[in-house]
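Asks: I have a structure I would like to understand better, so I am pasting it below and will then ask my questions one at a time.
The values are calculated or read from the model by the stated rules, or taken from the named source; none is laboratory data. The shown structure was predicted, so the numbers you read here are calculated from the model rather than taken from an experiment. With ideal geometry, Cβ positions are generated from the backbone for all residues, glycine too; neighbour counts draw on all protein chains shown. Surface accessibility is based on the protein's heavy atoms, side chains included, excluding ligands, DNA and RNA. Shrake-Rupley method; radii C 1.70, N 1.55, O 1.52, S 1.80 Å.
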Amino acid sequence: MTTLASSPIPLVDLKAQYGAIREEVAAAMDAVLTRGDYVLGRDVGALEEEFAAFSGAAHGIGCANGTDALHIAVRALGIGPGDEVIVPAMTFIATALGASLAGATPVFVDVEAATALIDPAKVEAAITPRTKAIIAVHLYGQCADMTALAAIAARHNLPMIEDAAQAHGATHHGRVAGSLGTLACFSFYPGKNLGAYGDGGMVVTNDAGLATRLKRLRNLGSERKYHHDEVAPNSRLDTLQAAVLRVKLRYLPEWNRLRRSHAAAYDAALVGIGHIQLTRSDAGSVHHLYVVRSDSRDDDLARLNAAGIGAGIHYPFALHQLDAYKHLGYAAGAFPIAEDWARRCLSLPIYAELPADAALRCATVLGG
Ligand SMILES: *Cc1c(COP(=O)(O)O)cnc(C)c1O
């Protein structure tokens, strides 16, 4: 079957997953449509309970997307204008937007060379009297060093927010993402490890007071109809999305297991290729993305794409290099390790249903 070897492999294949669960999804969606509770309906409450339990937290607060989850998490902590929030320089912009949308100022910190995760050794130097929280990002599915970060946070009496948008089910020393900080924020964007058929997000926490505040912040500042206690967005979760997510949550442990085995196959296939550096692999990772660094990244990307392999870049810019954050005034070279990741990082296709020959095909292109 020589034709198989050249069939395209997308960066992520959502349709393959849908094929396996379509009947269950159809039944779950039909139940919502028949019931008619389209916003904050029965499946939202059930998903909040189930996903909080999955993430080792007592409370789940569904919201419209992961960016809003970060925004309302920052606001629930009472953080606003004049306050600073520490954020890694290499992440998706939404991490920093969580602070900015609350009116606070994100303060960037460089990342570790081996993982692209926030470097705890550099966090302490960024803390000022205005610092009100640290956001640790579990980038690519690997947990940040929450042990070291928690010690720093405790020393300075700062809350920790987990940006777990890429890390549903990831673990750090056996403890699951969502249970490692004061609050944890998840995204259910379609391509995430647990993805809706549209936008969705959730904050989880063990703090009942914060959970109450978050319920108000996602719903126009209201806990009782027509009583509005503060200015807040409409960031409610649709019941249809929650119903889909409840179906998918049952499969997530198996999908994460498959991602781990694909990542191991990539590690084995790529280890000898001289111009490729592997990301330090961690048994607790759920491998949302499989990212390596390449000394000839743009050339490798073009050759993979020409071979029908949907490689990508996560992310081509560090946050201080984005126009949106020019006003913060960071110089070029301010975060050299994040800048190096932006220049050299290369994401290879990964998803539960990834074809078994993907690692060898990528290694053939990259090693050739
Ligand atoms: C996807 C993502 C978000 C934002 O989630 P949306 O649902 O797209 O708003 C936040 N942080 C990280 C690290 C992400 O990957």
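Asks: Please state the shape class of the chain: rounded when a/c is under 1.5, otherwise prolate if a/b exceeds b/c and oblate if not, all from the C-alpha gyration tensor.
Replies: Note, shape of the chain comes out oblate.
Asks: Just to confirm the filter: which trypsin sites (Lys or Arg not before Pro) across region 191-252 are DSSP coil and have at most 15 other Cβ within 10 angstrom of their Cβ?
Replies: Sparse-neighbourhood loop trypsin sites (Lys or Arg not before Pro): 225.
Asks: Another question, if that's okay. Between rounded, prolate and oblate, where does region 47-128 land on the alpha carbon gyration tensor, with a ≥ b ≥ c its root eigenvalues, rounded for a/c under 1.5, else prolate if a/b exceeds b/c?
Replies: It comes out oblate by the Cα gyration axes.
Asks: For the pair residue 326/residue 353, report the inter-label distance in nm, with labels modelled 7 Å from Cα in the Cβ direction.
Replies: So the two model labels end up 4.3 nm from each other.
Asks: Another question, then. Find how much the distance from residue 37 to residue 121 grows on full extension, using 0.36 nm per residue of separation minus their present alpha carbon separation; answer in nm with one decimal.
Replies: Net length gain for the segment: 25.4 nm.
Asks: On to the next question. Given R₀ = 45 Å, FRET efficiency for residue 298-residue 226 by Cβ-Cβ distance, to 0.05?
Replies: Taking R0 as 45 Å, the efficiency between residue 298 and residue 226 is 0.20.
Asks: Could you please state how large a percent of the accessible area of region 272-353 is carbon and sulfur, counting protein chains only and using a 1.4 Å probe?
Replies: Solvent-exposed carbon and sulfur of region 272-353 make up 55 percent of the total.
Asks: When the chain is fully extended, how far beyond the present Cα-Cα distance does residue 114 get from residue 49, taking 0.36 nm per residue of separation?
Replies: 19.9 nm
Asks: Can you compute 3J(HN,Hα) from phi for each residue in region 72-82, using the Karplus curve 6.51 cos²θ - 1.76 cosθ + 1.60 with θ = phi - 60°, rounded to whole Hz and x for Gly and Pro?
Replies: Residue by residue, region 72-82 yields 6, 5, 4, 5, 4, 7, x, 8, x, x, x Hz.
Asks: Now a separate question. Among the chymotrypsin sites (Phe, Trp or Tyr not before Pro) in region 188-278, which ones are in a DSSP loop with at most 16 other Cβ atoms within 10 Å of the Cβ? Mind listing them?
Replies: Taking region 188-278 and a limit of 16 other Cβ atoms within 10 Å, the loop chymotrypsin sites (Phe, Trp or Tyr not before Pro) found are 226.
Asks: Here's another thing I want to ask about it. Express in nm, to one decimal, how much length is gained between residue 306 and residue 277 on full extension, taking 0.36 nm for each residue of separation and deducting their alpha carbon distance.
Replies: 8.3 nm
Asks: In addition: Once amide H atoms are placed 1.01 Å from N in the peptide plane, what residues at a sequence separation of 5 or more from residue 11, or on another chain, have their amide H within under 5 Å of its amide H?
Replies: 310
Asks: Let a ≥ b ≥ c be the square roots of the eigenvalues of the Cα gyration tensor of region 1-160; is it rounded (a/c under 1.5), or, if not, prolate (a/b larger than b/c) or oblate?
Replies: oblate
Asks: Now a separate question. Each residue of region 195-204 in order: what ³J(HN,Hα) in whole Hz does its phi give by Karplus 6.51 cos²θ - 1.76 cosθ + 1.60, θ = phi - 60°, with x for Gly and Pro?
Replies: The phi angles translate into x, 7, 9, x, 8, x, x, 7, 9, 10 Hz.
Asks: When only DSSP loop residues count, what trypsin sites (Lys or Arg not before Pro) in region 119-191 have their Cβ near at most 13 other Cβ atoms within 10 Å?
Replies: Of the trypsin sites (Lys or Arg not before Pro), the ones in loops of region 119-191 whose Cβ has at most 13 other Cβ atoms within 10 Å are 130.
Asks: Treating the beta-carbon of each Lys and Arg as +1 and of each Asp and Glu as -1, no other charges, what is the dipole magnitude of region 1-99 about its Cα centre, to the nearest 20 debye?
Replies: The calculation lands at about 200 debye.
Asks: Still on this structure, I have one more. Can you return the aspartates and glutamates within cross-link range of residue 248? Criterion is Cα-Cα under 19 Å, with same-chain partners fewer than 8 residues away left out.
Replies: Answer for residue 248, where 19 Å is the Cα cut-off: 13, 23, 24, 30, 43, 48, 49, 50, 199, 238, 353, listed by chain and number.
Asks: Give, rounded to the nearest 20 debye, the magnitude of the charge dipole that the chain has about its Cα centre when Lys and Arg contribute +1 at Cβ and Asp and Glu contribute -1 at Cβ.
Replies: Dipole of the chain, to the nearest 20 debye: 340 debye.
Asks: Loop sites only, by DSSP: take the GluC sites (Glu not before Pro) in the chain that have at most 16 other C-beta atoms within 10 Å and name the longest stretch containing none of them.
Replies: 1-229
Asks: Determine the distance separating the Cα centre of region 176-204 from the Cα centre of region 287-336; give it in Å without decimals.
Replies: Taking the Cα centre of each part, region 176-204 and region 287-336 sit 23 Å apart.
Asks: Leaving out same-chain residues fewer than 8 places away, which lysines sit with a Cα under 29 Å from that of residue 326?
Replies: Of all the lysines, those that pass the test against residue 326 - Cα under 29 Å, at least 8 places apart if same chain - are 122, 132, 192.
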